[in-house]
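K.L.:
Once you've had a glance at the structure underneath, I'll fire off some questions.
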Amino acid sequence: MIKTIIDNYFQNDDQKTGLMLLSLPTGSGKTHNVINSIYDRIPSLAQHQKVFFITNLKKNLDLEKLEGCYRAAGRGQDYQNEVLQIKSNADYIQKILEIQIPEQFKKESYRKLVKIINDLKRTEGYIKKSQDPHVGHIFRDNKDKILGDIRLKLEPEFRKFISSELKKNFNTPNQKLDAIKNNSTYQWIGELYPSVYTKERKVFFLSMKKFLSQHATLIEPSYHFLNNPITENAVIVLDEFDSTKDTVSNHYIEEALNYRGEILSTFKQIRSGLNNEQISKKIIISKGPIKEQLEALRHEANRIYDEFLLNLSYKTNEGDIDRNRNFLFHSDTFISILSKSKDYIRTTPNIAEGNNMLISFESHDRYNKNANYQIDVSLYSLLRQVNNFIRRFRRTVFLWAQTLVSDTMNASDQGGGEPQIEKIISTIYYDFSLTEDVVHFLMKDIEGRYTSRKKEKQPLRDTSFYANGFNYYEFIDDEEHSTTTNFGYTELNDTPEKWLLKISMRAKVLGISATAQIESVLCNYDIPFLKDQLGSNFLLLENSEQKKLEANFKKEMEAYHNGRVTVRVNVIDEAVIRLQQSITDQFMDLLEDIDEAESESIKLSHLLSNLSNTENREYISHRYLNLFRVLKYFLRNSDMESLLVLNMPLPKMDHPAFDETYIRKFFEQIILHHSADGQLTNAELVILNSQDFDSKKDELLQKLGKGSKVAVLSSYLTIGAGQNLQYLVPESNSCFSIQPNKQTDKRNQTKDFDGLYLGDITYNVLSSSQLFKNQATGSEKELLKYLFQIESLYENSEISPAKKREFVKEVFTKYSNGSTGKVYTDMSLYDLKSTRLALTKTVIQSVGRICRTFNKKSNIHIYTTKSVLEKLDDTSINHKLLNPEMDALFLEQAAQHMKTPVQQPEQEWKASKISSRGKQAIMEILAGDWDTEKMTLWNDLRNLVLSNPTACAEIVDVNPLMKQLYIAGDVPLNKYFFAQRSDFSEVRISLKSSSLAQFKYSLSEPEQKYNYISEVSETETRLSHLLDFPGMSQFFEKNGWATQFEEQPYILSPVLFHNIYKGSLGEVAGKFILEQSAIALKPITDPDKFEFFDYEVADSPDVYIDFKHWKETFTANHGQMIQAISKKMEKIGAKKVFIINLLGEGNYTIHENEGIIEIPYLWHKENGINHKAIQLLGGK
C-alpha cells in the first residue's frame, strides 16, 4: 500500500511540482518502498528529468537497495550509468592513491595531496589502535586538522589545476565531458571526480548538507541545485523530513556569518557608483529599461542621502559608550539593546560642536523631553530605508544580469542559469567601483533571489519572518572609529520554510519520516504555513488511502494486540517523588545495605561538589540515581539481553555532571550485589558517542549478535533520527517473529533491543541561561540559533510581541556580556505547543530505535521518568500509525493522569503581529515614488476597507490583501481594543476586554506608556453620524461600502483601521458633501503629486483639499503639521490647501495662514453643514 501511494505521486505527470508528506512509523518500510518506487519511475522520466534522494545521514543512502533493483531486473550494467552518489570533493579526493594518474598531472598540488592523504591514513590507523583515551583524542584532533586542510586548501588547489588544464584544451562542457569519457589522458578524472557525469545521470543520492552547498563538476562553473535546471520538475525525496530543517537553518546561519558588512558605507559606495556617468555607460549598453531602472535607483539613493544628511558622519554620544555592546535588532519592528538600559535613540544634527549627527541613547521620559521633530531624524527610518534600498539594488542588478545572460550567452551550452548570472553580477558590482568587501557582502543571497519558476505575484510583499528572516546592527565605537559610528550589519534573510517553498514550486517533493507532520516549529517546518502557501500543491492522502495504511499497519502489529507481545512501561522515579525519598534512601533501595548506601551517598555528594554554582545539583543527582535504578532492573532481568539508555548528556571522563568512571564503578558494584551463580559475568556497559561512532557501533552489534548482555549508554543527539541499531539474532535468543510469513523481508533477519530507557529531555536552546555558558562573550552562532527559534515561536503566535521583545533583549545582553549577563528564565516556554511537541518527537524517534525489526521478545521494557511522561503531547499525531511501544507511553500517561496542559497559540498575539506587519507593508507602499501600479494598489486597498470593515472567512480566503492585513477573532466580532506606540510599530490588542477601562487595567506598566489607547469599532468612526447626512447612506450602498460593522470572523487591524479606513471614510464622505454644494473635486492622478493631498478642486488648478476625520479629543503638534503641509505645497507648487475636518461638535473658527485654510468641521451633528466653509470653498 505504501508503494502504491508513492507510485501514484511519482508517476502523476500532471502534478509536476508540490509537496507530499508521509508520516509512517519506524520499521514500516518507508525507505524500502521509496527506493522501489524510484526504480520504477526511472524508465518514464522525461528528458533531463532527475530524481534526488536526500538525507541528513549518509548511512541512510541506500544505494545497495537500488543497485539490487537493477540487478533483479537484469539491468546491473545500467546502474553505473544512471545512478550517482554525490559526495564532497574532499571525500572524492581520498581515492587518489588508488587511481592511475598520468605523469603530466602530478604537479606540486598533486604531490601535496598524496602526502597529506598518506598522513590521514596513518592517523586513522593510530586512532583504531589507541587504547589511551587521551592519546586517541590527540589523534582525532589531528585527523580533523588534516581533513580541514584537504577541504579548504589542498583539494581546491588540485581541482583548480585540473579545471585549468581542461579549459586550455576544450571550450565547452560537452567537449570536456567527451574527453573525460573517451580520451585515456583524461579518463582518470571521471574515476576520481564522478560528479563530472552529473548531467548524464538520472538518480542522485546525497546528504542534505551537500544539496545545499555549491555543486562543482570541474567541467562547468559550480552551481546551487535549488537554482539550476537540474532540479526543474525533478522528483526529490527528503528522508527524515523534519530533521532536515535544522540542517537548512544551520546552513543559512553560517552563510549569514560569512557575509556581513557596514550598512552606511555600503550604501554610500553604491550611491557614488550610481552617480558616476562613466559607470552608467558600462551598465546601460543599449537597453532602455536598464537605463530607466538605473535612473530610478540614482534618484532614490540621492533622496535618502539628502533626507538623512548623510554628508555628515553619525557618531554616538561619548557618554553613551561603555564596555557593553549596543545593538538594534529588526524583524517586523526594531528592538534596541542599549547601554545603561536605555530604550530610545535620538539622532540630531550637531553642527556647532562636531559637524556631525549625534546619536543619543535616552530613557522614555528624557526622549520625550528632548525630542525636536523639526530637526531630529529617525535612525530607525534611515536604517530601514537604506536596507530596503540595498535589497532593491541587489534585485535590480540581478535582473540586469538575467537580461545580459539571455542576450549574450547560450545557456544550454554554457551550463545554464546561475553560473553566468553570478559572474555577471560580480562584474556589474565591480563596474560600480565597489570595494571587494562590499561586493562580497552584496553577493550574499544570489541563491535566494534566483528562481526560474516564481509564485504568482502577491499585491503586497510578504513581511513574515519566513519570507524575510531578520537582521541586526551593532554600533561600533572604538579607536578605529573615533569620529564616526559604524553600523555592523548581519542579515539572515533565508529560512528553511522559504527554502522548502522554493524547491516545492520547482520540483515534486516527497517528505518521509515518522514525525513528518508534527506541528512544532522548533523541530519541523511550519506545516500550516506550508499548507497555506502551497494550496493545492500541498498534497494530503485521500481518506481511503489513509484508512488502508492504518488497517495494514494494525494487521502487521497484530502480535501486540493479541497479547503475544507486551510493552511494559515503568516510570522509575514515580515512587521516589511520591515518597520524597532522600539520596541515601534511594541508594538503600539499590544496594540493600545501609552502610554501603551511606557510603555511596557521600561519594556522590563529593562528586557533585566539583560542579559549578550554576548547575543544579539536585537534578544531577536525580539523573545518576535514575540511571542506576534502570541498570539494576536490566541486570536482574534475565530475559532482557540488551538495553539502550538515552539521556541528554553523554558520560565523559572527569565530568561531574555525568561522570563515566563513577557510572562504570557503580555498574560493577550492582553486578557484584545482584549476580547469582555468575550469571552476569558477561554483562557489559558500552558508551556510544560520536567519536568513531561507526566502528564502535559495528563492534557493539557484533557483541549483541553473539548473545552478550549489554547496556548501551548514549544520548538523544548521538542516536538521533534514522540510526539503525538492530543486530543479528543470537542463537540462544528467545525472540520470535511477529511476521513469520515474510521471511525474505530484511526485518526478519535482525532483532531490536529488548529495552529502552528515556532519561529526562530538556530543550536547552530555549533557555538563554544555557547559552554562552563557558565564554566571556558568546558565540554568535548560538545567538543566531536562539533568535531563529524565538522568531519561529513568534511567527506561530506562541509568544506575545512583548515576550519576544523581552527574550531578544535578554539574549543580546547575555551574548554581549557572556557569563556575567543577567539571566531571565521563563519556564512557561517549556509548556508551549512547539516545545512539548519537540520533546515528543525526540521520544518518538528514540522509541523508533527499538521498532525496526519483526523479531521481538514477549516483553518489551520501556523505562522513563515522570518528567518525560507528563510532557508528552499527542497533538497532530495519528495514534493509528504509531508504533505500539510509543502508544504504550501515551496509554501510561493517561492511566496515571500525568499529562500537563499545553499553552496554545494566542489569537491576540497573532492579531498584534498582523497589525505591526501591516504597518510595514503600508510604509513600503508609501515609500519611494508612485507609479500606476502602486496607485492602483493603494486605491484598491482603500475601496476594500470601505467595503469590508469586517468580513467572513469565504471572502478573506480568496483575497490576498485581506489574508495579510485583517485579524481574526476566536468568535465573530465588530469591535476590540488596542494600544500602540511608534506609529503602530508595536501594538497590543485585546479581543476579549469588554470595555476600554478593563483593557487599560490589563495593560502592563510599559504598555500603559504607549502613545495611543483606543478601539476599533463603528462607534469610533462615527459612521452613523456621517450617514445622517442626506443621501450619504444611499451613496455608500451604491458604491458597495459598508454602512455598519457587522459581527464577522475577521476585522480590520488597528493600523488598517486608523491609517486607511478612517482616512478613506473622511475622503469619500467629504467629497460627497462638497459635491452636494456644487463644489466639484477631482482625484489626483499625477504620480508626482499623488497622496500629497486628497483631491484637487476641479475648476481651480493647484488648489487642493485634505480631509481629516479627527475627534475633538484628538491632539497634534500644530506647528509641526503646518510646517509639513507647507513643505508639501512647495514641492508640488500648490497655491492653496484647505485642511477640512469632517465632523465637529463644538464651535470653532476658520483659520487661514499663507495659503493654508483650516476648517474645523464640515458637518456638525447639531448645526448641520458649515455654510461659511462652503462659501469660502466656493470662492476658492
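Coordinate-derived values only; no laboratory data. It should be emphasised that the depicted structure is a prediction, and the values quoted were computed from it without experimental measurement. As a convention, Cβ positions derive from the backbone with ideal geometry for all residues, glycine included, and neighbour counts pool all protein chains shown.
K.L.:
With the dipole of the chain worked out from charges on the C-beta (+1 for Lys and Arg, -1 for Asp and Glu) around the Cα centre, which of Asn647, Ala1080, His224 lies farthest toward the positive end?
P.N.:
Positive-end residue among those listed: His224.
K.L.:
Tell me, what HN-Hα J-couplings in whole Hz come from the Karplus equation 6.51 cos²θ - 1.76 cosθ + 1.60 at θ = phi - 60° for each residue of segment 736-751, using x for Gly and Pro?
P.N.:
Running phi through 6.51 cos²θ - 1.76 cosθ + 1.60 with θ = phi - 60° gives 9, 8, 7, 9, x, 7, 10, 5, 7, 6, 4, 5, 8, 9, 9, 9 Hz.
K.L.:
Then there's this: What FRET efficiency, computed as 1/(1 + (r/R0)^6) with R0 = 41 Å and r the Cβ-Cβ distance, is obtained for Glu1020 and Glu870, rounded to the nearest 0.05?
P.N.:
Efficiency computed from Cβ-Cβ geometry: 0.35.
K.L.:
Positive end of the dipole of the chain, charges at C-beta (+1 Lys, Arg; -1 Asp, Glu), about the Cα centre: which of Gly1168, Ile967, Gly488 has its Cα farthest in that direction?
P.N.:
Farthest towards the positive pole: Gly488.
K.L.:
If you average the alpha carbon positions of segment 616-645 and of segment 333-383, how far apart do those two centres end up, in angstrom?
P.N.:
If we compute the Cα centre of each part, the gap is 59 Å.
K.L.:
Toward the positive end of the charge dipole of segment 88-197, about the Cα centre and with charges on Cβ (Lys, Arg +1; Asp, Glu -1), which of Phe139, Ile180, Gln104 goes farthest?
P.N.:
Ranked along the dipole, the leading option is Gln104.
K.L.:
With charges set only on the Cβ (+1 for Lys and Arg, -1 for Asp and Glu), what does the dipole of the chain come to about its Cα centre, in debye to the nearest 20?
P.N.:
2540
K.L.:
For Rg/Rh (Cα atoms, Kirkwood Rh), which listed value, [x] 1.28; [y] 1.00; [z] 1.04, comes from the coordinates shown?
P.N.:
[y]
K.L.:
Suppose each label sits 7 Å from its Cα in the direction of the beta carbon; what would the Asn372-His561 distance come out to in nanometres?
P.N.:
8.1
K.L.:
List every residue whose amide H lies under 5 Å from the amide H of Thr316, counting only residues 5 or more places away in sequence or on a different chain, with H placed 1.01 Å from N in the peptide plane.
P.N.:
Ile359, Thr485
K.L.:
Which entries in the list Lys910/Lys1071; Lys121/Lys703; Lys709/Lys785 go over 29 Å, if you measure between the two C-alpha atoms of each?
P.N.:
Result: Lys910/Lys1071; Lys709/Lys785 exceed 29 Å.
K.L.:
Calculate the dipole size of segment 462-608 relative to its Cα centre from +1 charges on Lys and Arg beta carbons and -1 charges on Asp and Glu beta carbons; express the result in debye to the nearest 20.
P.N.:
1540
K.L.:
Can I ask one more? For every helix of n ≥ 4 consecutive DSSP H residues, a contribution of -39,500 (n - 2.57) applies; sum these over the chain, divide by its total residues, and give [θ] at 222 nm rounded to the nearest 500 deg cm²/dmol.
P.N.:
After summing the helix terms and dividing by the residues of the chain, the value is -14000 deg cm²/dmol.
K.L.:
How many percent of DSSP beta bridges within the chain run antiparallel, rounded to 5?
P.N.:
In the chain, DSSP labels about 45 percent of beta bridges as antiparallel.
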